[in-house]
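Sharing a structure, written as structure tokens. Questions coming.
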Amino acid sequence: MTLLKTTYNRRSFLKSSLAAGGGLLIGFNWLASGCASDAPKGLVIPDEWFEINAYLKIGENGVTTIYSPNPEIGQNVKTSMPMIVAEELDIDWKNVLVEQAPLDTSKYTRQLAGGSDSIRTTWTALRMAGASARHMLLVAAAKAWNVPVEELTTEAGGIHHRASGKEAGYGEFASAAAEVPVPEEVELKDVGEFTIIGNSKKNVDGLGIVTGKPMFGLDQKVDGMLIAMIVHPPAFGMKLKSFDATEVKSMPGIKDVFSIKVYNDDYERQWSDTTSFTEMVAVVGNSTWEVWTAKLMLNVEWEPFKEQKYKAAGWGGNTQEVTVPGGLESTSEHKKKMIAEAAKKARVVRRDGNPEEAFKRAAKVLERTYTAPFLAHSPMEPMNFFADVKEDSALLRGPIQSPEFMEKTVAARLGLPLEKVEVEMTRMGGGFGRRLYGHFMAEVAVVSQKMKAPVKLVYTREDEMTFGIYRPMYHAVYRAALDADNKLIGFHVKMGGIPENALHANRFPAGAIDNYIAESWAIESNISVGAFRAPGSNFNAAAEQSFLDELCEEMGVDPIQFRLDLLKRAQEDPVGENNDYDAARYAGVLELVREKSGWDTDSAGKNRGVSAYFCHNSYTAQVVDILMENGEPRVDKVYNANDCGIVVNPDAAVNMSEGSVVDGIGTAMFGEITFNNGEPNQNNFDSYRLIRHAEAPKKIETYFVENDIHPTGLGEPPYPPVMGALANALYKATGTRYYHQPFIRNTFEV
Amino acid sequence: MAIFNLKINKKEYQVDVDPSTPMLWVLRDHLGLMGTKYGCGVAQCGACTIHLDGKAVRSCITFVDSVGDKEITTIEGLSENGDHPVQQAWLEHDVAQCGYCQPGQIMTAAALLNEKPNPSDEEIETAMNGNLCRCGTYVRIKEAIKTAAKS
């Protein structure tokens, strides 16, 4: 039992009135059908609800609705966050309904889907919400029964007074509990007392998903709603010159065609305002097909620009002026520039010991180059958003990972006070980071304001895939210095990228090697980029972990033991400062995957590769086994070992790990966006290849290190390392080393 | 624009749309049936899968004027309350992550099991290969199909 002071955002615990019906969600029929989870079998909806705090309301029959604060992107926080509340509230999960909370910065913190941080950053607040509600119920019962509150216990939604034998369900005291003052201190359960956390629960939206209920942004439909689509420049480095809408305006179902300016000229952009094209043409009409048909007929002229400038909020509160260079860039030029830049002096980011001297006296130097292309996030649900902008207020609703930030953008763009802009979050059909950048919210707001009508903005897959905000293009050179005894005496990593590099200078093996140097460079570009599942890590894990594999082969040592030996050094006698990992936990996942894969006993005849990585506060180690089938490599089995602290919903955590593995294999094997004179060469899934059923591993086994550490993330950590393990397994299977993604081509030739 | 009489999920509907409108958009924009999803519009992702006389087709390239008398089944009509064996298997295995692709996956799987009640792993992969899952739930989908096949 832990005592915790309820200092965490006390406003979350402001009680609303005893009013029935639930104050937070009123009047939006769409929301009622789309955002509430399906009721478990046999659950009776209460007649009256009592709001206990911002996270939950209890009905007179004890049925409880828990609000899930964070946006749902497929990481299933809509199930795991309520599980945490329910645990400390101490109710039966069978009596829980879940609803998506709206954006409300006065009640909730960090309503963001990103950084694999939802559970980690809300763990304590969620527990406090449940525990304080439980406390208030006990106080109400103690008062009614005239007994000391210390003599009461709870169990799965029931209150018991052992001494007298009195008992009642939570529902009986919900009304009175709503009047009890918020406690200064609450008791939290010990980890060993958990009955909900750590026990798999089914996805609360499962039934809605399999029966095709309208839950996603694209599924919205309201009376009088218009459909809008945009037309954006076909190439980076180009802008709108002119357009002729005369014919299109008279096409069936078309209401209007006009140019839109996404941001005002003097607007200072936040990080989430990243976009590629700020002046586009909007086509507005009655139905998607009519608007799409008209869009394809539109005559638009584009012209190259010399450069574009905009103001951006810099780190530390000052304003930066950003210049976007002109030019129509091609991948062939990118590659040439990278090769040239990689040969120049770069910026030293970290230096330990005397790496130059170590490489000078080395008996052997191993040097390898790794590259990876731009990638398009391509979540299955294309970009879309809904807006209903009135004279002095606006309602926006749709799939967004960063609603708190984008609300500010929309308010500024519309010239409305922030409190007059409401944002509601729909379920998202994936995101992977793309939906952090909500430019489409500003776009639909502008269109709705002009049309004086509710509007749903729809991006076609082609619109989206050629829009940018990609994962950058990367280049890395790794060098290792070995002495005459084949001992590692120096390590050098030089990472570059267009327009950013992937370097994480303080990650392993920094801290484990005496003479270490990490450098970085970047080449500017007008191709826009943004966070993509495990930014930076999504490349450097592949490069680093395959380099270590080749190094081990050179040194004649076992790849797992080699890493464990380095981690032992990092733990007992670390080199340098700010080593960004816990060496013991890192070693823990390697030991777990070694055991579960039978690395020491079962590897004969197998084509296996190993990899391990730390990012977003969690640790993952993987072993990939490859089979050759008709001369082609096929991933047979993947062993996945994670350390993400306490696992809230085990089966969902396994699902997410499996998905990360599949995604990682697909990315490394197939993903690629290339350019020809500023124009992306890929615009749909026939040209941009994603992994399919027949290419997925036949089997994936996932294990978790058991500990009581507060939960850390899992959406990103298992994704980067699998690319390294895959490359290492492919080497065993084919005799070829894979340096250049996508591996189906494995070349950086111009 | 023309009038089309359609049989969908055992009901009769009438729509007045351009003959070149794909069934995907007839369902979503004109009939309020949102279960069938848009993912690519070029039959590369399978999110739009419906049944035409029990056979799986991609509704994004099935124009309304090509349907005629055929019976359309969408995810909403696969069962009364989600109790089709494929849907039940999906729930048993807790397949979905974001869930956007799953109606299309389920429709393709249901059509497969109608034709091949006991498919091998290879047959599952071949039949399902046109359905993308960006969240990577392929391993679970295969297990769920095998479970549905047994029931």
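Tell me, in nm to one decimal, what length is gained between A:Asn486 and A:Lys408 on full extension, where the rule is 0.36 nm per residue of separation less the Cα-Cα distance?
This chain segment gains 22.3 nm when fully extended.
Same structure again: So what is the 222 nm mean residue ellipticity for chain A from helices alone, if each DSSP H run of at least 4 adds -39500 (n - 2.57) and you divide by all residues, rounding to the nearest 500 deg cm²/dmol?
One gets -8500 deg cm²/dmol as the mean residue ellipticity at 222 nm.
Only four residue types carry charge here, +1 at the Cβ of Lys and Arg and -1 at the Cβ of Asp and Glu. Report the dipole size of chain A about the Cα centre in Debye, rounded to the nearest 20.
For chain A, the charge dipole is close to 1120 debye.
State whether the protein assembly as shown is rounded, prolate or oblate according to the following rule on the C-alpha gyration tensor (a ≥ b ≥ c being the square roots of its eigenvalues): a/c under 1.5 gives rounded; otherwise a/b larger than b/c gives prolate, and the remaining case gives oblate.
Because its axes are fairly even, with a/c under 1.5, the protein assembly as shown counts as rounded.
When the expected Rg is taken as 2.2 N^0.38 Å, what fraction or multiple of it is the alpha-carbon Rg of the range B:2-77?
In units of the globular-protein estimate, the range B:2-77 measures up at 0.96.
Taking the Cα centre of the range A:140-186 as origin and charging only Cβ (+1 Lys, Arg; -1 Asp, Glu), how large is the dipole, in debye to the nearest 20?
Approximately 200 debye in magnitude.
Moving on. If neighbour count is taken as other Cβ atoms inside 10 Å, put A:Val447, A:Val149, A:Val662, A:Val180 in order from fewest to most.
The fewest-first ordering by Cβ neighbours comes to A:Val149, A:Val180, A:Val447, A:Val662.
Placing unit charges on C-beta atoms (Lys and Arg positive, Asp and Glu negative, everything else neutral), compute the dipole magnitude of the range B:2-77 about its Cα centre in debye, rounded to 20.
Dipole magnitude for the range B:2-77 comes out near 300 debye.
If each DSSP helix of 4+ residues adds -39,500 (n - 2.57) and the sum is divided by the residues in chain B, what number results at 222 nm, nearest 500 deg cm²/dmol?
-8500 deg cm²/dmol
Lysine pairs in the range A:328-436 8 or more apart or on different chains: how many have alpha carbons under 18 angstrom apart?
Lysine pairs satisfying the spacing and distance rule in the range A:328-436 number 9.
Which percent, nearest 5, of DSSP beta bridges in chain B are antiparallel?
Antiparallel bridges: around 90 percent, rounded to the nearest 5.
For the range B:131-151, list residues with backbone N below 15 Å from a point placed 7 Å from the Cα of B:Glu92 toward its Cβ?
The answer is B:140-151, whose backbone nitrogens lie closer than 15 Å to the label point.
Find the relative contact order for chain B and round it to a whole percent, using C-alpha pairs within less than 8 Å whose residues are 6+ positions apart.
Relative contact order of chain B: 24 percent.
Taking the beta-carbon count within 10 Å as an exposure proxy, list A:Phe547, A:Phe539, A:Phe236 from fewest neighbours to most.
So the ranking, lowest neighbour count to highest, is A:Phe236, A:Phe547, A:Phe539.
Each label point is 7 Å from the Cα along the Cα-to-Cβ direction; what then is the distance between the points at A:Lys221 and B:Glu123, in nm?
Using points 7 Å along Cα→Cβ, the separation is 3.7 nm.
Pull out the extension gain between A:Glu554 and A:Glu524, defined as 0.36 nm times the separation in residues minus the alpha carbon to alpha carbon distance; nm, one decimal.
Residue separation times 0.36 nm, minus the Cα-Cα distance, leaves 7.2 nm.
Counting other beta carbons within 10 Å of each residue's own, what order do A:Phe386, B:Phe63 fall into, fewest first?
B:Phe63, A:Phe386
Among DSSP beta bridges whose residues both lie in the protein assembly as shown, state the antiparallel percentage, nearest 5.
Of all bridge pairs located within the protein assembly as shown, approximately 80 percent are antiparallel.
I would also like to ask the following. Give, as ranges by residue number, the residues of the range A:270-297 whose backbone N falls under 13 Å from the point 7 Å along Cα→Cβ of A:Glu247.
A:294-297
Okay, next question. Averaged across the residues of A:197-210, what count of C-beta atoms belonging to other chains lies within 10 Å of each residue's C-beta?
That average works out to 5.
Can you give the FRET efficiency to the nearest 0.05 for A:Asn677 and A:Glu391, using r as the Cβ-Cβ distance and R₀ = 51 Å?
0.70
Among the complete DSSP H segments of chain A, which ones combine at least 27 Å of alpha-carbon extent along their axis with a mean Kyte-Doolittle hydropathy of -1.0 or more?
Membrane-span-like by this criterion, though nothing is claimed about a membrane: A:118-145, A:650-670.
Strictly greater than 14 Å: what percent of every Cα pair in the range B:85-150 meets that?
That fraction is 47 percent.
To continue, here is another question. Could you tell me which GluC sites (Glu not before Pro) in the range A:642-714 are loop residues by DSSP with no more than 13 other beta carbons within 10 angstrom of their beta carbon?
Qualifying residues, ordered by number: A:Glu706.
Another one. Between the range A:92-116 and the range A:415-456, what is the separation of their alpha carbon centroids in Å?
19 Å
With each pseudo-label sitting 7 Å past Cα toward Cβ, what's the A:Phe258-A:Lys336 distance in nm, one decimal?
Simple spin-label model gives 4.5 nm for this pair.
Picking from A:Thr246, A:Ala484, B:Thr74, whose Cα lies most toward the positive end of the charge dipole for the protein assembly as shown (charges on Cβ: Lys, Arg +1; Asp, Glu -1)?
The residue sitting farthest along the positive end of the dipole is A:Thr246.
Across the Cα atoms of the range A:403-529, what radius of gyration and what greatest pairwise Cα-Cα distance (Dmax) are found, in Å?
Expressed in Å, the Cα Rg and Dmax of the range A:403-529 come to 22.6, 77.
Using a Förster distance of 35 Å, how high is the FRET efficiency between B:Ser20 and A:Leu328, based on the Cβ-Cβ distance and rounded to 0.05?
My answer for the efficiency is 0.50.
Right, something else. Can you give the FRET efficiency for A:Lys94 and B:Glu143, using 1/(1 + (r/R0)^6), R0 = 22 Å, r = Cβ-Cβ distance, to the nearest 0.05?
0.30
How much length is gained if the chain between A:Thr124 and A:Leu418 is pulled fully straight, taking 0.36 nm per residue apart and subtracting their Cα-Cα distance, in nm to one decimal?
103.0 nm
Follow-up. For the residue pair A:Asn746 and A:Arg162, what label-to-label distance in nm results when each label sits 7 Å from Cα along the Cα-to-beta-carbon direction?
Spacing of the two 7 Å Cα→Cβ label points: 6.7 nm.
Select from A:Pro148, A:Gln270, A:Ser259 the residue farthest towards the positive end of the dipole of chain A; place +1 on Cβ of Lys and Arg, -1 on Cβ of Asp and Glu, and compute about the Cα centre.
A:Ser259
Going through the range A:389-492, which chymotrypsin sites (Phe, Trp or Tyr not before Pro) have at most 10 other Cβ atoms within 10 Å and a DSSP loop state?
Sites meeting the loop and neighbour criteria: none at all.
No value in this document is a laboratory result; all are computed from the given coordinates. Since we're looking at a predicted model, the values are computed, not measured. Please note: Cβ atoms are built from the backbone with ideal geometry, for glycine as well, and neighbour counts cover all protein chains shown.
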